[in-house]
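Participant: I have a structure here, written as structure tokens, and I will follow up with some questions on it.
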Amino acid sequence: MKEGRPSVTAQRVAMRRAAHQLLDDPKVFDDPVALRIIGKESASALRADPRQFETTALSPYLRAFVAARNRYAEDELALGLRRGVHQYVILGAGLDTFAYRNPHPEGVLRVFEVDHPATQTWKRARLEEVGITFPADLTFAPVDFETQTLAEGLRSAGYDPGKCTFFSWLGVTEYLSTEVVMATLRFISSAPSGSGVVFDYMISPSLLTPAQRSRFDALARRVAAAGEPWQAFFDPGLLTRDLRAMGFRYVEDKGPEEINARYFMSRKDGLRVGSLSHVISAHV
Ligand SMILES: C[S@@+](CC[C@H](N)C(=O)[O-])C[C@H]1O[C@@H](n2cnc3c(N)ncnc32)[C@H](O)[C@@H]1O
């Protein structure tokens, strides 16, 4: 991210979630706050022309992936609640809207939004601008993953390390160093039994086919130009092995075939995810 500036990709991802609400039927991820959170001007522009941010052939695949990973995280959170989850930590929250449409009964789930301080300040201003009030069970925890530990940031926000916790970490790992990603996963693995995480990651470029590699390079150039270059990539088999070694008892890695089979079957519009990223659900 550019020094002292909010994440540009956080707004872009939120635009894709908002576009999904307008363009795709049936919706994979139903988010009634998605249009408000992008800001009044962007929302009017998107309503006037829902395809205006669909600038390349890759756009529908990216929109599908953003919708699917949010849906998967919230599906797994719901399962986590049955395992006794009481806290939900949204890492690199960007313009995630879960806290403002939380479907679970009041008092069941304490929500923490963790994000880079610059992005979080910008989000809070956006929430005020569009008239979304902060729910009582939400706490903001400003943390720069590259310079602060998650443990410190969460502790000062009132996180209880003794409670079963679910973490989501969507669209963030690729922007961090491998060391920071692994340290964060180790921290999550130390949470009480039943705690879990859903996160997505980019496949190592060396494992991609030439066609995938050219799509990867095109996207990598775009995020680098926005000042948020990709840094961390993983081999699915090795990452699963490392998660198990950290103490995650259950690890499920979903590639494009599994994601498409689960969320995009029998659609008439052909919407589906592409092949550059995977999603993992793991719990201890
Ligand atoms: C592509 S956005 C994804 C936002 C959100 N998870 C979503 O899916 O809409 C990337 C997020 O990672 C956060 N991020 C990037 N680098 C970070 C860092 N060093 N520390 C904390 N957050 C960071 C950005 O602030 C931004 O919110």
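Participant: Applying the Karplus parametrisation 6.51 cos²θ - 1.76 cosθ + 1.60 with θ = phi - 60° to the phi angles of the range 80-87, what ³J(HN,Hα) value in whole Hz is obtained for each residue in order, glycine and proline being reported as x?
Facilitator: The phi angles translate into x, 4, 6, 8, x, 5, 10, 10 Hz.
Participant: What order do you get for 274-281, 211-218 when each peptide is scored by the mean count of other beta carbon atoms within 10 Å, highest first?
Facilitator: 274-281, 211-218
Participant: When the Cα centres of the range 240-276 and the range 40-83 are compared, how far apart do they sit, in Å?
Facilitator: Measuring centre to centre over Cα atoms gives 16 Å.
Participant: ³J(HN,Hα) across the range 273-284 via Karplus (A = 6.51, B = -1.76, C = 1.60, θ = phi - 60°), whole Hz, x for Gly/Pro?
Facilitator: 8, x, 10, 8, 10, 10, 10, 10, 10, 9, 9, 9
Participant: Which residue, V8, P60, F234, has the largest displacement toward the positive end of the dipole of the chain when charges sit on each Cβ (Lys, Arg +1; Asp, Glu -1)?
Facilitator: Checked the options; the winner is P60.
Participant: With unit charges on the beta carbon (Lys/Arg positive, Asp/Glu negative), name the residue among V273, V172, V223 whose Cα is farthest towards the positive pole of the charge dipole of the chain.
Facilitator: The Cα lying farthest towards the positive end belongs to V273.
Participant: While we're here: What number, in percent, do you get for the relative contact order of the range 190-284 if the mean sequence gap of Cα pairs under 8 Å and at least 6 apart is divided by its residue count?
Facilitator: 47 percent.
Participant: Something else about it: As a test, work out the antiparallel percent of DSSP beta bridges whose residues both lie in the chain, rounded to the nearest 5.
Facilitator: Looking only at bridges with both residues in the chain, the antiparallel portion is about 40 percent.
Participant: How large is the charge dipole for the chain, taken about the Cα centre, if only the Cβ atoms of Lys, Arg (+1) and Asp, Glu (-1) carry charge, to the nearest 20 debye?
Facilitator: With only Lys, Arg, Asp and Glu charged at Cβ, the dipole is about 420 debye.
Participant: Any idea how far the Cα center of the range 1-37 sits from the one of the range 127-148, in Å?
Facilitator: Taking the Cα centre of each part, the range 1-37 and the range 127-148 sit 17 Å apart.
Participant: Which one, T139, T209, T240, has the greatest fluctuation when you compute a Gaussian network model over the chain with C-alpha springs under 10 angstrom?
Facilitator: T209
Every number in this text was worked out from the coordinates using simple rules, so none of it is lab data. Everything numeric here is computed off the predicted structure, so don't read it as measured data. Virtual Cβ from ideal backbone geometry, glycine too; neighbours counted across all protein chains shown.
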